[in-house]
Amino acid sequence: MKEWTQEKINYVLHRLPAGTFVYRLRSLTERASADYYLCVQRFQNHVKSILQPAEYNFLTCPTCDTSLQIGHH
Ligand SMILES: [Zn+2]
């Protein structure tokens, strides 16, 4: 899918302090107000699922219904 090919180059794989991988915008200067993380699982299926803050130190993916740890305890 050509559109997705162009879309995905805007994102880079990013490792959270806990070792969890997410996708993040490559350039935060263009859209500085839109700093967010995307679910890796969904990203591989060409879907941008924005991770939401859950309980302390965790992000949750509303699509996968999984929790990702952000940092160490
Ligand atoms: Zn997900």
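Every number here is computed from the coordinates shown, using simple stated rules; none is lab data. Quick caveat: nothing in here was measured; it's all calculated off a predicted structure. Heads up, the Cβs are rebuilt from the backbone with ideal geometry, glycines too, and the neighbour counts pull from every protein chain shown.
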Residue among C64, L51, V22 farthest towards the positive dipole end of the chain, charges placed on Cβ: V22
Averaging the inverse of every distinct alpha carbon separation and then flipping it gives the Kirkwood radius. What is it for the range 2-69, in angstrom units? 12.4 Å
Charge context of K8, other residues only, Cβ under 15 angstrom, K/R +1, D/E -1: +3
